[in-house]
Amino acid sequence: MSLSPVVTGLGIIAPNGFGVEEFWEATCAGRGSIKRITKFDPSPYPSSLAGEVTSFNGSDHLPKRLIPQTDRSTQMALVATDMAIEDAEISLSDVPPFEMSVVTAASSGGFEFGERELKNLWSKGSNHVSAYQSFAWFYAVNSGQISIRHGIMGPNSVIVSDQAGGLDALAMAARQIDKGIKLVVTGGMDGSICPWGWVALTTNEDLSKSHSEDEAFVPFDENATGYVPGEGGAILILEDSDQAALRGARVYGAISGYGASFDKKALHPSGDALRYAMASALAEADLAPESIGVVFADGSGTLNGDQAEAQAINDVFGIGKVPVTVPKTMTGRLNSGAGSLDIACALLSIRDSLIPPTINVWHKNSYGLDLVTRQSRHKTIKHAMVISRGSFGFNSVTIVSAP
């Protein structure tokens, strides 16, 4: 990256907080939000826990005309975008429309919307299926709706690489800044906690079948049984550093490095591909491993995945040489929303010199990691690394740096 794209705005909707400060306070306090599903009766399914966003109602924040044509995940993306723009203290009307871009990540599309319309189709007939179904289900709909709502006419795209997508979208956004785009709305927002989505999610053998809220998702723990899904994510405003400085913007941090790889042994990863992605991010940032103050790990919660990730971290940094944390133990794994939410956490850690904890993990001595558990840890941080891995082999790593 020849320029230093900077983050000037954050919009967060997560199971443990609505808005930046509410989310961050809950995260630093270690308040978990993984609970038994309330949107439907999960008892017929092998897994019953999720990180739900229970405080969100799109009708409270968006024009009435948008509600019948959008899925809940799109509504969350639109509201988070509004939050991020407000947080950045910028009027998009001051930026030429072709000098703005939208790049989001997606992994499921509009599952809740699609489920409702399929019910209408089979129970009432085709005349009762909404015309909006033609696009409300689509992976790219969040990028399109954000662009339309805010008059953004520059490059518009969506990345689909599961859990890694949030970091991949941010990297593409940074490349757009490098090409001359002044401002990019980027990040990921996901939500498929509905019967149709749950049927799809439960086909993944890595989904935890534990019904204990405190034991279902414990990455890097010898008692790990898999992961718990969640919904939500974060939207970020990324700007050209010169433009941000010119308008006197508050800057959370810079996107200084990115690396990606693909692991062909996705079900039994070796860690080699992830290690390559980590080294690539460090090389692009022109940083030595000892410059990194904290690693926000992916934390799959599976034996194979955790072993491979821990090995990669130890190979790059040395055994126990860098603090590691997995705050998604409070929210569940948010699919395409996970990476951008971890980036937000990393930037807030830099801002407040505070590393949030990994909760519910007690038996952590078998991986050689300096895992931050039980309570937040105070530490001055100049550079933070975020790791995200998607199903079937996607690896992405991003480094953010203090402004």
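Computed values, structure above
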| quantity | calculated |
| --- | --- |
| Residue within region 168-188 that is surrounded by fewer than 20 Cβ atoms within 10 Å (Cβ to Cβ) and either among the polar types (S, T, N, Q) or not assigned by TED's automatic domain parsing to the domain that holds GLY114 (or both) present | no |
| From ALA254, ALA216, residue being closer than 27 Å to PHE111 by Cβ and modelled with pLDDT of 95 or more | ALA216 |
| Residue satisfying all of: in region 38-60; under 30 Å from ILE355 (Cβ atoms) and in contact (Cβ under 8 Å) with a residue 40 or more places away in the chain; surrounded by the most Cβ atoms within 10 Å (Cβ to Cβ) among these | GLY51 |
| Candidates LEU78, LEU49, LEU66, filtered to the one that is in contact with a Leu (Cβ under 8 Å, 6 or more places away or on another chain) and at pLDDT 95 or above | LEU78 |
| Cross-chain or 6+ apart pairs with Cβ under 7 Å, region 374-398 first and of a type in the set (Lys, Arg), then part of a strand (DSSP E or B) and surrounded by fewer than 13 Cβ atoms within 10 Å (Cβ to Cβ) | none |
| Top-ranked residue of region 356-399 - restricted to ones that are among the hydrophobic types (A, V, I, L, M, F, W, C) and assigned to a loop (DSSP other than H, G, I, E, B), ranked as modelled with the lowest pLDDT | PHE392 |
| Exclusive hit being modelled with pLDDT of 95 or more, within 23 Å of ALA88 (Cβ to Cβ) and in contact with a Phe, Trp or Tyr (Cβ under 8 Å, 6 or more places away or on another chain), set ILE34, ILE13 | ILE13 |
| Qualifying residue in region 347-355 (condition: closer than 24 Å to VAL251 by Cα and acidic (Asp, Glu)) | yes |
| Positions within region 290-323 being of a type in the set (A, V, I, L, M) and out of contact with any Ser or Thr (no Cβ under 8 Å at 6 or more places or on another chain), in sequence order | ILE292, LEU303, ALA310, ALA312, ILE313, VAL316, ILE319, VAL322 |
| Enumerated helices (runs of 4 or more DSSP H) restricted to region 18-132, each holding at least 1 residues that are on the phi < 0 side of the Ramachandran plot and touching a strand residue (DSSP E or B) at 6+ places or on another chain (Cβ under 9 Å) | 20-29, 72-88 |
| THR225 vs. criteria under 23 Å from the mean Cα position of the chain (by Cα), among the polar types (S, T, N, Q) and modelled with pLDDT of 95 or more | no |
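Here is a yes/no grid of residues against (1) surrounded by fewer than 19 Cβ atoms within 10 Å (Cβ to Cβ); (2) more than 22 Å from ILE399 (Cβ to Cβ):
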{"position": "LYS328", "(1), (2)": "no, no"}
{"position": "GLY332", "(1), (2)": "no, yes"}
{"position": "SER340", "(1), (2)": "no, no"}
{"position": "ILE343", "(1), (2)": "no, no"}
{"position": "SER349", "(1), (2)": "no, no"}
{"position": "ILE359", "(1), (2)": "no, yes"}
{"position": "GLN375", "(1), (2)": "yes, yes"}
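Let's see how each residue does on (1) touching a Gly at 6+ places or on another chain (Cβ under 6 Å); (2) outside the structural domain of ALA283 (by TED's automatic domain parsing); (3) under 19 Å from ASN142 (Cβ atoms):
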site	(1), (2), (3)
ALA14	yes, yes, yes
ALA29	no, yes, no
LYS35	no, yes, no
SER43	no, yes, no
LEU49	no, yes, no
PRO63	no, yes, yes
LEU66	no, yes, yes
ARG72	yes, yes, yes
ALA77	no, yes, yes
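The values are calculated or read from the model by the stated rules, or taken from the named source; none is laboratory data. It should be emphasised that the depicted structure is a prediction, and the values quoted were computed from it without experimental measurement. Neighbour counts are summed over all protein chains in view; Cβ atoms, including those assigned to glycine, are modelled from backbone coordinates with ideal geometry.
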